[in-house]
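Chemist: Pasting a structure below so you can have a look.
The values are calculated or read from the model by the stated rules, or taken from the named source; none is laboratory data. In this text, all values refer to a predicted model and were calculated from it rather than measured experimentally. Quick reminder, even Gly has a Cβ in these numbers, built from the backbone with ideal geometry, and neighbours come from all protein chains shown.
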């Protein structure tokens, strides 16, 4: 997989994700995480190699994957209801049906009663939940989450992580989660993909030896702490050559 | 509450002091055709109310509103065109900028030659003076939309049309209103200048006629009205902005 920009950011990177898996991708900045996401969502095309979604090769992947960006990117002029209904609106779902579907999900997302508010009236955690709801409503069975919690404070972040796992276990969607937080990656995922830096490109897959459901005490188990230290060491070594 | 009253009181007091100073100065000088006092202007306004309100004000309003309407249509049209096509941007932008370096007052007599004393000579001046802020602001507004949101919309399968209507237009709206606020105040100036130079009715025309008759208060009375028209238009744009941009309201 390569990108059109020079030099090739991603080269010889190949991986496979099973349906319903929670995968984290971790790597130092400049390791091509965002390029990877742009490729998967279809915003960019690979210069060589191919991308299969649900086992199919499709040149136009736009609209096929639910994408949740790093910043919430809610439109300030739209109410929460209209922001969340955006992917449905773009797919041509009738307004009433679209709004009905959003309203049904709002309570589950802890957003009951805010449908007519504007994004500026909501806290950071709530805005991220709206953004996640919007990604879910794209109707895709693959969700790409790009450092969604990096801007939140520690407590909100922990709550959001637990909440995300709960939702994922319920819906059984495939989640690809970009983060630079090792602990977050270990706590959430089935496996962690570590992107190595240029020039030697490769993606290392590390399975997380934890069962489900997860809770916060699990990350204090000795083997997880060891894994965490090992990962941090690996990433640090790559940042400072 | 007290703060609010103070913020209103300060400008009111200043205007009052200015008016009183003017009144005293005018009475001291006592040459009404050079410097009429505010009370003389107010009395003149009352005296001429029939002809000012029913003949000249409607004539000027027609010029202003027609000019503004055309300006909005042309301004938005060119802004959208420039936003959509690099060639259009390269072609129009320098012309739009240089059109503002032309002294429009100097052009007004030529418009009179072209269009006669009709409505259109005055509309042309108003259009030329108001379309610049509308075009430039709308164009900047269309380009101000966030690239990240555009990419997000694309990942949702949005078309070019979706991106235009759901992202670029709402992003441009606040900028458009900024342009319109400048334009409405300029439109009054444009109309007044045009009428001053060639018209058979209108507040600018009337003011000039009074000038020829050495009627100082008569010169000022229509100017007061012109100023009020400008303020009213400005307030209307603000009201429209508040209604259509509810999300922007600060707490």
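Chemist: If residue B:123 satisfies all but one of (1) within 12 Å of chain A (Cβ to nearest Cβ); (2) closer than 19 Å to residue B:188 by Cβ, what's the number of the condition it fails?
Modeler: (1)
Chemist: Still on this model: Cβ-Cβ under 6 Å, sequence separation 6+ or interchain: first residue in the range A:181-192 and assigned by the TED database to the domain that holds residue A:214, partner in a helix (DSSP H, G or I) and crowded, with 23+ Cβ neighbours inside 10 Å. Which pairs?
Modeler: Note: pairs meeting the criteria are A:192/A:185.
Chemist: Against the definition (closer than 20 Å to residue B:209 by Cβ, buried (at least 18 other Cβ atoms within 10 Å of the Cβ) and modelled with pLDDT under 90), how does residue B:108 come out, yes or no?
Modeler: Details: closer than 20 Å to residue B:209 by Cβ: yes; buried (at least 18 other Cβ atoms within 10 Å of the Cβ): yes; modelled with pLDDT under 90: yes.
Yes; evaluated as a whole, the condition is true for this residue.
Chemist: While we're on this one: Taking only the range B:80-123 into account, find how many residues are under 19 Å from the mean Cα position of the chain (by Cα) and in contact (Cβ under 8 Å) with a residue 60 or more places away in the chain.
Modeler: The qualifying residues number 6.
Chemist: Another question, if that's okay. What is the residue count in the range A:129-166 for residues that are free of Cβ contacts under 8 Å to residues at least 40 places away in the same chain, crowded, with 18+ Cβ neighbours inside 10 Å and farther than 24 Å from residue A:195 by Cβ?
Modeler: Residues meeting the conditions: 1.
Chemist: So, one more: Looking at the range B:148-222, what helices (runs of 4 or more DSSP H) fall wholly within it and have at least 2 residues that are in contact (Cβ under 8 Å) with a residue 60 or more places away in the chain, within 12 Å of another protein chain (Cβ to nearest Cβ) and on the phi < 0 side of the Ramachandran plot?
Modeler: On the way: elements: B:160-163, B:169-197, B:203-212.
Because the criterion is at least 2 residues that are in contact (Cβ under 8 Å) with a residue 60 or more places away in the chain, within 12 Å of another protein chain (Cβ to nearest Cβ) and on the phi < 0 side of the Ramachandran plot, the helices (runs of 4 or more DSSP H) in the range B:148-222 that meet it are B:169-197.
Chemist: If you don't mind, another one. Quick one: is residue A:143 at pLDDT 90 or above, within 25 Å of residue A:45 (Cα to Cα) and within 20 Å of the chain's Cα centre (by Cα)? Working first, answer last.
Modeler: Details: at pLDDT 90 or above: yes; within 25 Å of residue A:45 (Cα to Cα): yes; within 20 Å of the chain's Cα centre (by Cα): yes.
Taking the combined requirement at face value, the residue satisfies it.
Chemist: Looking only at helices (runs of 4 or more DSSP H) that lie completely in the range B:1-113, which have at least 1 residues being out of contact with any helix residue (DSSP H, G or I) (no Cβ under 9 Å at 6 or more places or on another chain), more than 21 Å from residue B:179 (Cα to Cα) and outside the structural domain of residue B:191 (by TED's automatic domain parsing)?
Modeler: On the way: elements: B:2-29, B:38-47, B:57-84, B:86-99.
Here the list reads B:2-29.
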